[in-house]
1. Taking the highest mean first, how do the peptides 43-52, 64-73 order by number of other beta carbon atoms within 10 angstrom per residue?
2. Could you list Asp107, Asp29, Asp17 so that the one with the fewest beta carbons within 10 Å of its beta carbon is first and the one with the most is last?
Amino acid sequence: MALTIVEEARPITGGVDTHADTHVAAALDPVGGLLGVGEFPATAAGYARLPGWLGGFGTGCLAGIEGTGRYGAGLARPITAAGIRVVEAVRPGRQDRRRQGRSDPLDAVSAARAAQSGRARGAPQGPGRRGGGDPGADGRPAQRRGRTHPDERPGQGPGPDRPR
């Protein structure tokens, strides 16, 4: 008597911690077990490799990506094109980061767990929708175009109740 083992493709959840030069990805099984962590260059070639890496563990179904409005914008498109739903994963809170420590692999796992649990539900931002990293007419990101002198900040400068 022959025994045949049929393995079903299991749904995989990915999480990505994005940076300017590299992205760190984590793959989780359906119950949240860590299957693997990989590092990919933040280039077109790296973006193209990441969905295939995720698919090596099963069927990629969901990916939580940090920073889809900035560093993760280029990555969200090929992952979506591969049929994987992308959600915006917010950075882990201070308490979590203090408790677990700070590392890119842990941040990638946190992004995947946030997507898997439903905490990360937002649609990917895409470049320019948040404004933080979108360069304006002067070429500087929005956060650097603002007023920087303390006297020019709202509520901080001289006023009737705050003499010079």
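Since every read-out is calculated from the coordinates, none of them should be taken as a lab result. Please read all numbers here as calculations on a predicted model, not as lab measurements. As a convention, Cβ positions derive from the backbone with ideal geometry for all residues, glycine included, and neighbour counts pool all protein chains shown.
1. Going from most to least packed, we get 64-73, 43-52.
2. By the 10 Å Cβ count, ascending: Asp29, Asp107, Asp17.
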